[in-house]
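A short write-up of the structure that comes next.
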Amino acid sequence: MKWLSFTVLSVLLCWATAGTAQIEVNQEPLVFENAEQEARFNQLTLELRCLVCQNQNLADSDAPLAHDLREEIHGMMMAGKDDDEIKTFLVERYGDFVLYKPPVKGNTLVLWVAPIALLLIGAIVVGVVVRRQAQLPSPGVEGSDQ
């Protein structure tokens, strides 16, 4: 009985504190000088990958690191840096992984070639299987003894 009450109490305590255990991020809205600058920021954050979520871009991610990177990008834009300078800074700091469309070079060649190679291998396997199935004698109706 003690074990059951302890388990129930533990579950209730975990449930009650689950909402307060999340990290609170101060998300003050970023202020832009004009709508063009805001559109440029939005486009740039769509092209950059969240390093925590990995399957989201910086614009959609709620991770604290993504928030920090958005502020960093905003600061660089306010300092007059263009998109290429911002991307270069982030690539130097975090690697090509931060880009949704990494450049084709030696260490990213696999990212570009692997999907095509896998598709070709799959097509070859399907072709071989279909040919083998076509060459097998079809199960016909054998003569019946009547």
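The values are calculated or read from the model by the stated rules, or taken from the named source; none is laboratory data. Bear in mind that the values here come from a model prediction, so they are computed numbers and not experimental data. So basically every Cβ, Gly included, is an ideal-geometry build from the backbone, and we count neighbours across all protein chains shown.
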Pairs needed: first member in segment 106-120, touching a residue at least 12 places away in the same chain (Cβ under 8 Å); second member anywhere, surrounded by 10 or more Cβ atoms within 10 Å (Cβ to Cβ) and in a helix (DSSP H, G or I); C-beta distance under 9 Å; at least 6 residues apart or different chains. T108/D96
So M76 clears everything in (1) at pLDDT 80 or above; (2) outside any helix (DSSP H, G or I) except one condition, right? Which one? (2)
For residues that are among the small types (G, A, S) and closer than 15 Å to Q54 by Cα, tally how many sit in segment 80-105. 1
Which one is modelled with the lowest pLDDT among residues in segment 1-39 that are among the charged types (D, E, K, R) and over 13 Å from R70 (Cβ atoms)? E24
For segment 90-109, how many residues meet the condition of being surrounded by fewer than 16 Cβ atoms within 10 Å (Cβ to Cβ), of a type outside the set (D, E, K, R) and within 18 Å of N42 (Cα to Cα)? 1
